[in-house]
Amino acid sequence: MPLGQTVIEKIFSAHSKDEVKPGNIIWLDLDVRSARDFAGANVVFNLKKHYGDQEKFEDKEKTVFTFDCVVPANNLGYAENQQIIRFFAREEGIRVFDSEWGIGSHVLIEEGYSVPGSTVVGTDSHLNIMGSVGSFGQGMGDQDIAFGMKAGKTWFEVPPTMKVIIEGEIKAPCSAKDLTLAVIKKLTSKGALGRAIEFEGKAIDKLSFAGRITLASMVTEMGGIVGFIPPNQEIIDYFKTRSRSKFTPYYADEDAKYVEEVVIDINDLKPLIALPFKPDNVVEVESLEKDKIHVDSAFLGSCTNGRYEDMKIAVEMLKGKQVAEHTVMKIVPATRTVLGDMIKNGDLQTLFDARALVSNPGCAGCASGQIGMTGKGEVQVSTGNRNFKGKQGAGLTYLCSPATATAAALAGKIISPENL
Amino acid sequence: MKKSVILKGRALVIRNEKTEPIDDIDTDMIFHNKYLHITDINEMGQYAFDNLDGWKDFAKKAKIGDILVLGANFGSGSSRQQAVDCFSALGVQALIAKSYGAIYKRNAINAGMPILQADVIDEIKFIENKDEIEVNLETGLIKNLTKNKEHKAKGMSNVQIDIYHSGNLFEYAKNLK
């Protein structure tokens, strides 16, 4: 075992016969190969075209399709693509997590496919969210995924690793999303370009499962390949009952080599918000209050903030209150499991009484899915991860935490939850 | 059916009028988006570099077996596969650039196009247009046979060599196990 390895180098070494060091291109064994309703039909097309007359899967048990972008399909294009996948998967005996399941990356975690130390690929550009549980995840194009399903491996250039050290602790009403926006503000969209990140610090250790997902999900917006959060006991226990196979969490060696170390002090962290149209265009929410920006819609959900803990923040804030008159609040749990918890705990009644709109699980707001799009001039606050021009319609999207989005829904304008 | 890992050919060095390397050549300069509807590889060669100043007649200049010598960040921009395939269509054997755009690199390797990374374009004394060169893909040794000079680059990885011998990524997987 070579000395001084980072997390990604350890995971890769356990999944490759080639020499793992930054810059080397290696064959990487894949524990999970997935495709979603976006690009999934093209994966099917590629498999049929190239391997029509032979076995198309190295291991069917490690291969899944997940539907999450537009669920249920509300346009013919998605409907047809989903049906292409259904026909193919039924014929080949491949598992499909269809429209009722929710966001594929989260389902892969909940169902014990993505576990600490594993390697996972799919057609979702936020699949590096797996770093939240110490797993390597990577989004790829339809040709690469078709190859991965056939070969059970892919090739990858070992990235260098940088360390991001967080000093201080998160204090309410700030949450993991504010921490995440603080990191993006510091690194910008290019700060982690072509690199893996390892997050470190007391605030990181204390992050809940949901908080880890939030931070890891936005490494894409920092330009990074993947961002790892060392699994703590809570994470390891979470997978003990649900993992489909034995798993090994990996931690960096003390003498591991990093290309850069960035220290971010969050002792004075305030609720943050990213202005349209760039996720790294981050300011304090309070600095916008003087502008009295009317909010037409508030979206709570996405792979970044769609866990039960995120829903609960809104539920507590909305209890006994009403969403502002000229504002719509759209709430979308990430998965069936999250929705199930909301039903069990009576949260839907609270949200209904507050006049919030709750939809079935999925990507929704980030993929122009089941909760629609924004119109020209519409101001939307969103707990998602991207606010690029045109991504969610013609409107203006601001990215913020569940607490800030709920505060905006209650006040009908952009306001810090501290000042509600 | 193994191919040779030692390639010999004529160098085409992509420099500007002042004989400086042209950096940041993007996929629109290589294969413009107005030709994206073309899917037949045999049709692609004629449009290679037809949006790159000074090299718009590249398709006429190129000969089968040529080796391209390129600047930094070659192939930045979109993910179009045609930006690699248009060179294969002309019989270009290999690319040697200072660096590549990340997606371009992935596409080139997947297509079995041999690519090496080296700074040889910086030195006029080392390489000029139409010099006869020889590259060893495994060891990374680049020899200029005309000028009798050598440069040692990093050889291609096992992954690249595996895919190169198979032809492309999809062909490679057909012969596994």
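Convert 4 °C to kelvin, take the viscosity as 1.567 mPa s, use the Kirkwood radius over C-alpha pairs of segment A:61-119 as Rh, and evaluate the Stokes-Einstein diffusion coefficient in µm²/s, rounded to a whole number.
The estimated diffusion coefficient comes to 106 µm²/s.
Hey, got the dipole for chain B? About the Cα centre, +1 on K and R Cβ, -1 on D and E Cβ, debye to the nearest 20? Write out the running numbers ahead of the final one.
Values: 24 positive and 24 negative charges, 112 e Å.
It works out to roughly 540 debye.
In a Debye calculation with equal point scatterers on the alpha-carbon sites of chain B and no solvent, what is log10 I(q)/I(0) at q = 0.10, 0.17 Å⁻¹?
So the normalised log intensities are -0.35, -1.06.
Suppose the chain between A:Glu286 and A:Phe45 were pulled fully straight at 0.36 nm per residue; how much longer would it get relative to their current alpha carbon spacing?
Length gained between A:Glu286 and A:Phe45: 81.8 nm.
If you average 1/r across every pair of different Cα atoms in segment A:1-89 and take the reciprocal, what Kirkwood value do you get, in Å? Walk me through the numbers before you get to the answer.
Numbers: mean 1/r = 0.0642 Å⁻¹.
The answer is 15.6 Å.
Based on the alpha-carbon gyration tensor of chain A and its eigenvalue square roots a ≥ b ≥ c, which shape applies: rounded if a/c is under 1.5, prolate if not and a/b is larger than b/c, or oblate?
oblate
Among the GluC sites (Glu not before Pro) within segment B:38-136, which fall in a DSSP loop and have no more than 14 other Cβ atoms within 10 Å of their own Cβ?
Those satisfying the criteria are B:Glu123.
Which of the trypsin sites (Lys or Arg not before Pro) found in segment A:268-363 are loop residues per DSSP with 16 or fewer other Cβ atoms within 10 Å of their Cβ?
A:Lys292, A:Lys319, A:Lys321, A:Arg355
Checking the a/c ratio against 1.5 first, then a/b against b/c, what shape does the Cα gyration tensor give for segment A:204-355? Spell out each step's value before the answer.
Numbers: a/c = 2.55, a/b = 1.29, b/c = 1.97.
Because a/c hits 1.5 or more and a/b fails to exceed b/c, segment A:204-355 counts as oblate.
Output the relative contact order of segment A:7-157, whole-number percent, from Cα pairs under 8 angstrom with separation of 6+ residues.
Relative contact order for segment A:7-157 comes out at 34 percent.
Separation of segment A:194-256 and segment A:343-395 by C-alpha centroid, Å?
Result: 27 Å between the Cα centres.
For A:Asp53, A:Asp178, which order do you get if you count the other beta carbons within 10 Å of each Cβ and list the fewest first?
A:Asp53, A:Asp178
Would you work out the relative contact order for segment B:6-174, in percent, from Cα pairs under 8 angstrom that are 6 or more residues apart?
On the way: 381 pairs, mean separation 39.2, N = 169.
Here the relative contact order equals 23 percent.
Give a residue-ordered list of calculated ³J(HN,Hα) values for segment A:343-349 (Karplus: 6.51 cos²θ - 1.76 cosθ + 1.60, θ = phi - 60°; whole Hz; x for Gly, Pro).
After applying 6.51 cos²θ - 1.76 cosθ + 1.60, I find 5, 4, 8, x, 5, 5, 4 Hz.
How charged is the neighbourhood of B:Gly91? Take every other residue with its Cβ under 10 Å from the Cβ of B:Gly91, and add Lys/Arg as +1 and Asp/Glu as -1.
Taking every Cβ under 10 Å from that of B:Gly91, the sum is 0.
None of the figures in this text is laboratory data; all of them are computed from the coordinates on show. Predicted model, so just to flag it, every value in this text is computed and none were measured. Neighbour counts are summed over all protein chains in view; Cβ atoms, including those assigned to glycine, are modelled from backbone coordinates with ideal geometry.
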